[in-house]
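S.K.: Below is a structure I'd like to ask you about.
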Amino acid sequence: MIRSLLFIPGNSPVMLQNGAVLPADALILDLEDAVATDQKDAARTLVASALHTVDYPKEIIVRINSFDSDYWQQDLEEIIPLRPQAIMPTKCSDSSTIRSIAEKISELERQSNIGEGTVKLIPLIETARGVLNAYEIASASPRIVALLLGGEDLTADLQCERTKGGKEIFYSRSSIVIAARAAGVEPIDTPFTDVDDDEGLIEDAKLALSLGFSGKAVISPRHLAAINEIFSPQAEAVKYAREVISAIEGAKKAGKGVASLHGKMIDAPIVSRAKRVLEQARRLGLPLED
């Protein structure tokens, strides 16, 4: 379960070092947008060195340069032997790009004596075509474990203003959630880019949660605590989930086909949701008892 994913510029040795102690569930070591063209090679070497020397107690994702650039193959050739948990291809607009990248990763895994399929993929959807083809992209490879929406590049492609309220990407957000869930992978929301607006961040994250996102990318460490809290099961939700499971188990023991709780019938979707809440709480080490 990944609630928070923090972008770390690949050309910042201090941030690469400090990332190990930050409370993000995952780090995205960035070789693309955060790195100027004349620093691509240096950043790649720096990220490789960090993967060699820093003990990261969390998921490590490397965002590579786009498929139409001169850098993506070099990125993979240097990074794959170091076994990051995932690669993040950028500006993904169709499944053919994903398949080409997955094939290159397989080749490099074989060359490095890494079990094929070890390195996962989290495509970054940040174009209009990518949104329209989101399910096709999410289903393009068994390596894919999540989709991440990139709101800044997407709104540039849509030729509209990126606002704090996010009305302009509401359709895209919903589309990514539906495509990801249909493909059996996790949907991850775009970062909230105003570092100083804590209230706006909380509102935006709660909206993302309500739409079905599993977590949210962030660009500032100061956003991590709020994101982790919002995307964790709340105490009341855990309590209710326990009550649901207790009620359904009690009904089964009594030979009843249905159960009720607080005057409401307990059906399969409610039971499924309760089980998911309790599993999330277990994985996060949250208390399951009062």
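Read-outs throughout are calculated quantities, based only on the coordinates presented, and are distinct from any laboratory measurement. Because the structure is a prediction, the values reported are computed rather than measured. Note: ideal-geometry Cβ built from the backbone for every residue, glycine included; neighbour counts use all protein chains shown.
S.K.: Find how many whole Å separate the alpha carbon centroid of region 266-290 from the alpha carbon centroid of region 154-194.
M.R.: 27
S.K.: Here's another thing I want to ask about it. Determine ³J(HN,Hα), in whole Hz, for all residues of region 156-164 in sequence, where each value follows from phi through the Karplus function 6.51 cos²θ - 1.76 cosθ + 1.60 and θ = phi - 60°; x replaces Gly and Pro.
M.R.: These are the phi-based 3J(HN,Hα) values: 5, 5, 6, 6, 9, 7, 7, 10, 5 Hz.
S.K.: What's log10 of I(q)/I(0) for region 31-149 at q = 0.12, 0.15, 0.23 Å⁻¹, Debye sum over Cα points only, no solvent?
M.R.: Debye output, listed in q order: -0.40, -0.63, -1.41.
S.K.: I've got another one for you. Once you compute Rg and the Kirkwood Rh from C-alpha atoms, what is the Rg to Rh ratio for the chain? Numbers along the way, then the final one.
M.R.: Values: Rg = 20.4 Å, Rh = 20.2 Å.
Taking Rg over the Kirkwood Rh, I get 1.01.
S.K.: What ranking do 213-219, 93-99 get when scored by the average of other Cβ atoms within 10 Å per residue, highest first?
M.R.: Packing proxy ranking, top to bottom: 213-219, 93-99.
S.K.: Would you list 77, 32 from fewest to most Cβ contacts within 10 Å?
M.R.: Listed from fewest to most nearby Cβ atoms, that is 77, 32.
S.K.: Figure the gain on full extension for residue 111 and residue 14 (residue separation times 0.36 nm, minus the Cα-Cα span) and round it to one decimal in nm.
M.R.: Length gained between residue 111 and residue 14: 31.8 nm.
S.K.: What 222 nm value per residue comes from the helices of the chain, counting each DSSP H run with n ≥ 4 as -39,500 (n - 2.57) and dividing by all residues, nearest 500 deg cm²/dmol?
M.R.: On the way: 12 runs with 133 residues, N = 290.
Value at 222 nm, helices only, nearest 500: -14000 deg cm²/dmol.
S.K.: For region 235-283, just list the percent of Cα-Cα distances falling in each 5 Å bin from zero outward, please.
M.R.: Histogramming region 235-283 at 5 Å steps yields 4, 23, 32, 23, 12, 5, 1 percent.
S.K.: Run down the aspartates and glutamates and flag those whose C-alpha is under 13 Å from the C-alpha of residue 104, throwing out any fewer than 8 positions away in its chain.
M.R.: 75, 77, 78, 116
S.K.: Report, largest value first, the span of the C-alpha coordinates of region 191-290 along each principal axis, in whole Å.
M.R.: 56, 24, 18
S.K.: Moving on. In this model, which of 40/216; 40/120; 216/252; 58/167; 120/275 are farther than 28 Å apart at the alpha-carbon?
M.R.: Numbers: 40/216 26 Å; 40/120 23 Å; 216/252 38 Å; 58/167 33 Å; 120/275 26 Å.
Pairs exceeding the cut-off: 216/252; 58/167.
S.K.: Full-extension gain between residue 77 and residue 265, please, as 0.36 nm times their residue separation minus the C-alpha to C-alpha distance.
M.R.: 62.1 nm
S.K.: At 7 Å along Cα-to-Cβ for each site, give me the label-to-label distance between residue 252 and residue 132 in nm.
M.R.: 4.7
S.K.: Another question about this same structure. In degrees from 0 to 90, rounded to the nearest 10, what is the angle of the helix 95-111 Cα long axis to the longest principal axis of the chain?
M.R.: Orientation of helix 95-111: about 70 degrees from the principal axis.
S.K.: Scan around residue 144 for amide H atoms under 5 Å from its own, H built in the peptide plane at 1.01 Å from N, and keep only partners 5 or more places away or cross-chain.
M.R.: Residues meeting the criterion, in which the H sits 1.01 Å from N, are 121.
S.K.: Next question, about the same structure. Can you give the FRET efficiency for residue 196 and residue 68, using 1/(1 + (r/R0)^6), R0 = 30 Å, r = Cβ-Cβ distance, to the nearest 0.05? List each step's numbers first, then the result.
M.R.: Values: r = 35 Å, r/R0 = 1.15.
Efficiency computed from Cβ-Cβ geometry: 0.30.
S.K.: Rounded to a whole number, what is D in µm²/s for region 133-219 from Stokes-Einstein with the Kirkwood radius over alpha-carbon pairs (10 °C, 1.306 mPa s)? All intermediate terms of the calculation are to be shown ahead of the outcome.
M.R.: Values: Rh = 13.2 Å.
Estimated via Stokes-Einstein, D reaches 120 µm²/s.
S.K.: Per residue of region 88-94, what does 6.51 cos²θ - 1.76 cosθ + 1.60 with θ = phi - 60° give for ³J(HN,Hα)? Whole Hz please, x for Gly and Pro, Karplus curve as stated.
M.R.: 10, x, 9, 6, 6, 10, 7
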